[in-house]
Amino acid sequence: MPFRKNTPKPVQTPVKKPETEEGDEDESKKSSKGAPELLRGFRDIMPEEQGRWNFVRDAMRSLAESYTFDRIDLPILERSDLFLRTLGKGTDVVEKEMYVFTDPSNRSVALRPEATASAARAYIEHGMIERPQPVKLWYEGPMFRHDRPQAGRFRQFYQVGFEVFGSSEPIIDAQLILIGKKIFETLGLDVSVQINSIGTPECRQAYLAELVSYFRQFRSRLPEDDKRRLQKNPLRLLDSKEPETIELLKDAPQILDWLDEKSKEHFMKVLEFLDEVEMPYVLNSHLVRGLDYYTHTVFEFTLADDEGEKAQNALGGGGRYDGLVELIGGRPTPACGFALGIDRIVRALSDKNIDPPQYKKAHVFFAQLGDAARRVGLKLFEEFRKSGIIVSEAVGKNALKAQLEVANKLGVQFTLILGQKEVLDGTIIIRDMESGAQETIDVKKIVSVVERKLQKDPGVKTEGYSPVADS
Ligand code: HAM
């Protein structure tokens, strides 16, 4: 069922030109002649940071597979209409954070600000409703929001997401929350789960009328941003960070009191399942999330010991979105999911000094003297690689002293030295870096000799070596 055929005419929601931030103005004034610089809110993830990034991505991939989620890769660029219609007109993402532009075919396109809408589009477009339900998908990749850059908030950031289509069972909500919690446990992060229900669009409508009439009485006390919310997206008043609004919220009507029987029952069952597996959670009646497609359960993961400003930076969040697939032209399909922010998770690991090694560590260093040795070295490298032994080298350096210095820095156990004489003799020298002892070995036997020597040391694994397992 192709997405386009079934969808009504694109909604031409005007996207306001994003407000220019202070730093952005400076950026536009910068001379185009200077050295090229990063755009604000964008960054390079440097080689020395890759250890943590790999650690997080590997853990996510392995958990996704063990919970039988199928990987899907979704495009970074989509028709802007997809997001405008699903995320909500009054939301911050649609109002001011979308990167929208016209492509060379004169189509309005957007860099994806999130991927749930894309996953729903793919579910429809590939007729996944015909597959055994539920369909469980996971993805990872960059998202783009022209948000105000600050700690833990970037304009290009990375998410890993888990989406389950085709089941309205509350156990799915509970299981997704459990998977999220397990991911954080695997990474060594203690998170708190905030949970709430926002019911169906119908009961939310009735609640919103009540909420608006409550806040209207105090309109003059509301800060400007919240006055705007009161008019455009009153539900967002519930997670306002403004002290005056927070004070007023104490006596505001609670959404849980406005849930219909079915919504209440759904939510109770989710909580019962969580109790069953003894998973702690915090009922947070002010949790509404920033996107309009949610129904029933919503949840967020925050660092358990987080306080103050950082507490606003959830490490992940999600919920049920039973109306989304139908909204974009599919058959009614209940669904639920969540996404985790890798940038914030990596930062949390760094704050807690959780520091997995950056690369697989080299076991052996190869020092060569002259071109003939380099040629033999090329072949030897392949043989070592096949046996799972990681060999490092410094091809740019010719002097043996300089090469041994690099070997020392890398902390390898053995250095192999191949000079012209050894090439002619068909031998190679192996040097134990700790004792300095050297042996001359038949070059044909060197791989098995190194293998044996490494296996003698229980601290060194050559098979299935993984930076995660060794950290
Ligand atoms: P979201 O709450 O907008 O939900 O984003 C999920 C996570 O992405 C956040 O909790 C945060 O860790 C990270 N994140 C969001 N914006 C930024 C930013 N500017 N810089 C750094 N990290 C950020 C969604 O995107 C939904 N699609 C989640 C979902 C999946 N709901 C159902 N299925």
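A few notes on this one:
- Boolean, Ala394 is in contact with a helix residue (DSSP H, G or I) (Cβ under 7 Å, 6 or more places away or on another chain) and open to solvent by less than 30 Å² (accessible area, probe 1.4 Å): yes
- Residue within the range 130-142 that is assigned to a helix (DSSP H, G or I) and over 24 Å from the mean Cα position of the chain (by Cα) present: yes
- Residue check, Val109 part of a strand (DSSP E or B), in contact (Cβ under 8 Å) with a residue 60 or more places away in the chain, assigned by TED's automatic domain parsing to the domain that holds Gly330 and not aromatic (Phe, Trp, Tyr): no
- Across the range 182-205, the qualifying residues are those that are in a strand (DSSP E or B) and either hydroxyl-bearing (Ser, Thr, Tyr) or open to solvent by 40 Å² or more (accessible area, probe 1.4 Å) (or both), and the one among them that is farthest from Ser168 (Cα to Cα) is Ser192.
- Residues located in the range 184-225, provided they are under 24 Å from Gly316 (Cα atoms) and acidic (Asp, Glu): Glu185, Asp190
- A Cβ distance below 8 Å, combined with a sequence gap of six or more or placement on separate chains, defines the contacts here; from the range 239-263, residues that are farther than 25 Å from Tyr321 by Cα reach residues that are in a helix (DSSP H, G or I) and open to solvent by 60 Å² or more (accessible area, probe 1.4 Å) in the pairs Glu242/Asp225; Glu244/Arg221; Leu248/Arg221.
- Residue that is most open to solvent (accessible area, probe 1.4 Å), among those in the range 207-264 that are under 19 Å from Asn284 (Cβ atoms) and β-branched (Val, Ile, Thr): Ile246
- Those helices (runs of 4 or more DSSP H) lying entirely in the range 309-426 with at least 2 residues more than 16 Å from the ligand (Cβ to nearest atom): 371-386, 400-410, 420-425
- Filter result (near the ligand (Cβ under 9 Å from one of its atoms) and open to solvent by 10 Å² or more (accessible area, probe 1.4 Å)) within the range 101-121: Thr116
- Subset of the range 67-95 [within 15 Å of the ligand (Cβ to nearest atom) and either outside the structural domain of Tyr139 (by TED's automatic domain parsing) or at positive phi (or both)]: Gly88
- Residues that are within 10 Å of the ligand (Cβ to nearest atom), β-branched (Val, Ile, Thr) and within 25 Å of Arg57 (Cβ to Cβ) occur at least once in the range 155-174.
- Qualifying residue in the range 214-233 (condition: assigned to a helix (DSSP H, G or I) and either within 15 Å of the ligand (Cβ to nearest atom) or in contact with a Phe, Trp or Tyr (Cβ under 7 Å, 6 or more places away or on another chain) (or both)): yes
- Count - residues of the range 49-96 that are farther than 25 Å from Leu176 by Cβ and among the charged types (D, E, K, R): 6
- Boolean, Ile124 is open to solvent by 50 Å² or more (accessible area, probe 1.4 Å) and in contact with a Phe, Trp or Tyr (Cβ under 6 Å, 6 or more places away or on another chain): no
- The listed residues are Met143, Met98, Met128, and the only one of them that is within 9 Å of the ligand (Cβ to nearest atom) and aliphatic (A, V, I, L, M) turns out to be Met143.
- Subset of the range 71-104 (residues that are in a loop (DSSP other than H, G, I, E, B) and among the hydrophobic types (A, V, I, L, M, F, W, C)): Ile72, Leu74, Ile76, Met98
- Checking Glu163, Glu244 one by one, the residue that is in a helix (DSSP H, G or I) and of a type outside the set (Gly, Ala, Ser) is Glu244 and no other.
- For the range 369-381, the condition holds for at least one residue, the condition being that it is within 37 Å of the chain's Cα centre (by Cα) and not assigned by TED's automatic domain parsing to the domain that holds Asp173.
The values are calculated or read from the model by the stated rules, or taken from the named source; none is laboratory data. Computed from a predicted structure; not experimentally measured. Note that each Cβ is placed from the backbone with ideal geometry, even for glycine, and that neighbours are counted across all protein chains shown. We work out accessible area using only protein heavy atoms, side chains counted, and drop any ligands, DNA or RNA first. Shrake-Rupley method; radii C 1.70, N 1.55, O 1.52, S 1.80 Å.
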